[in-house]
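Q: Sharing a structure with you now.
The values are calculated or read from the model by the stated rules, or taken from the named source; none is laboratory data. What you see is a predicted model; the values in this text were computed from it and never measured. Quick reminder, even Gly has a Cβ in these numbers, built from the backbone with ideal geometry, and neighbours come from all protein chains shown. Quick note on the areas: whole protein, heavy atoms, side chains included, nothing else; ligands and nucleic acids left out. Shrake-Rupley method; radii C 1.70, N 1.55, O 1.52, S 1.80 Å.
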Amino acid sequence: MAVQVIDARGLPVRDAVVEIAPPVGDSRPLAFPWRNAMAQRDQTFVPGTLIVPLGSNVAFPNLDTVRHSIYSFSRPARFKIDLYSRDQTRSQRFAIAGTVVLGCNIHDQMRGYIRVVSTPYAARTDTNGYAHIAGLGAGRYAVTVWHPRIRANDGEVRQTLALGAAAAQIRVTAG
């Protein structure tokens, strides 16, 4: 199943997080095929946006030649990881759903985002704005789209969509 996120001009929105509420009685485990890790490489968070299940521990490997100190002042996770060097890893648990904005105390330009979700049906959009989510049949679903540039409360847009064989579209106002 695919959902395309586009902006007001009809252009695709890359790295938006699409979350679909599970149907009543759904027992799919809250897990994803990717690793719960956000590295620092070339003074950048990689990936820039990471989706993790509620209650996850996220690894922060430093693959840079410089030291980093990661922090967040976000409501779902306020924390600080003290300076650590190349080839060292620190981790942090995320127990509250929502968006966690990350920064580095040493490198002000570094920004990263962790979206902590309580649904197994979530994916990040690709360069064409498509999020591909497997495991759901056709039907009407509550969908939440998050992106740091969406002009809405907490960067989120919520809609009910009819999802089927063709890709559904969600139009957002992004700045």
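Q: Whole number please: convex hull volume per residue, Cα atoms of the chain, in Å³.
A: On the way: hull volume 20.0 nm³, N = 175.
About 114 Å³ per residue, rounded to a whole number.
Q: When you count, for each residue, the other Cβ atoms within 10 Å and take the mean per peptide, how do 85-92, 5-12, 67-74 rank with the highest first? Can you show the working numbers first?
A: Values: 85-92: 13.0, 5-12: 14.6, 67-74: 17.9.
Those peptides, ordered most packed to least, come out 67-74, 5-12, 85-92.
Q: Give the carbon-plus-sulfur fraction of the accessible surface of the stretch 93-175 in %, rounded to a whole number; probe 1.4 Å, heavy atoms of protein chains only. It would help to have the intermediate numbers written out before the result.
A: Working: 1870 of 4060 Å².
Roughly 46 percent, rounded to a whole number.
Q: Just the number please: accessible area per residue for the stretch 118-175, 1.4 Å probe, all protein chains included, in Å². Could the numbers behind the result be given before it?
A: On the way: 3020 Å² over 58 residues.
On a per-residue basis, 52 Å².
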